[in-house]
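Structure, as structure tokens:
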Amino acid sequence: MSQKPVFLTPEGLRKLQEELEHYKNVRRPEVATRIHSAKEEGDVTENAEYDDAKNEQAFVEGRILTLGQILNNFVLIQDGGPTDQVALGSKVTVVEEGEPPETFQIVGSAEADPASGRISNESPLGKALLARKVGDSVHVHAPGGVRLVRIVELE
């Protein structure tokens, strides 16, 4: 089964590798200890601690699997130097009429964090900005309706 490539910046790659190591080397053993302790208490059929630990184990193992899949299918976003078009890894400052300018970095979906100014290349704004230039006005088809933004700076 072919997986879709996941675009990561070097920083995002490092963070996901660290997260995977943390889940494997810290969280997994902690959960195993909790399960073992709960089993020692006797009957596990009505043991809330055992149930909670098993649920946490499922989450940890699921996250390890997800991170492993991401790290097996990543494409590193290289800093190709100055460019006149928005691309993965670009920092773009846009302005919407009547609003202050906002700066975003275009990243892959695994690193997206809009509150930190990192938007996915698959988001409505990210898609609309790709391959555009400073001075371009772009219509963004977002869930709240169509917005018109103008690119004022590109790094």
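Annotations for the structure displayed:
- Estimated FRET transfer efficiency when R0 is 35 angstrom, pair Gln85-Glu56 (beta carbons, to 0.05): 0.20
- Label of the coordinate-derived value, log10 I(q)/I(0) by the Debye sum over Cα atoms at q = 0.08, 0.12, 0.20 Å⁻¹, listed as (1) -0.26, -0.56, -1.23; (2) -0.37, -0.66, -1.15; (3) -0.21, -0.47, -1.22: (2)
- D_trans [Stokes-Einstein, Kirkwood Rh over alpha-carbon pairs] for segment 6-76, 4 °C, 1.567 mPa s, µm² s⁻¹: 96 µm²/s
- The Cα center of segment 7-29 and the Cα center of segment 66-130 differ in position by 20 Å.
- Kyte-Doolittle mean at least -1.0, axial Cα span of 15 Å or more - DSSP H helices of the chain: 48-72
- Considering only Leu88, Leu76, Leu65, the mean-square fluctuation computed in a Gaussian network model of the chain, springs between alpha carbons under 10 angstrom, is largest for Leu65.
- Net +/- balance of residues flanking Pro5 in space, Cβ distance below 14 Å, scoring K and R +1, D and E -1: -1
- Filter on Lys4/Lys127; Lys4/Lys54; Lys4/Lys24; Lys15/Lys91; Lys15/Lys54; Lys4/Lys91 - keep pairs with C-alpha separation over 28 Å: Lys4/Lys54
- Ordered by the number of other Cβ atoms lying within 10 Å of each residue's own Cβ, fewest first, Ser137, Ser90 fall into the sequence Ser137, Ser90.
- Remark: segment 94-109, residue by residue, has Karplus-estimated 3J(HN,Hα) of 10, 9, 10, 3, x, 10, x, x, 10, 10, 10, 9, 8, 10, x, 4 Hz, where x stands for each Gly or Pro and the curve is 6.51 cos²θ - 1.76 cosθ + 1.60 at θ = phi - 60°.
Here, each number is a calculation from the coordinates, and none is a lab measurement. What you see is a predicted model, and the numbers here were worked out from it, not measured in a lab. Ideal geometry is used to build each Cβ from the backbone, glycine not excepted, and the neighbour counts take in all protein chains shown.
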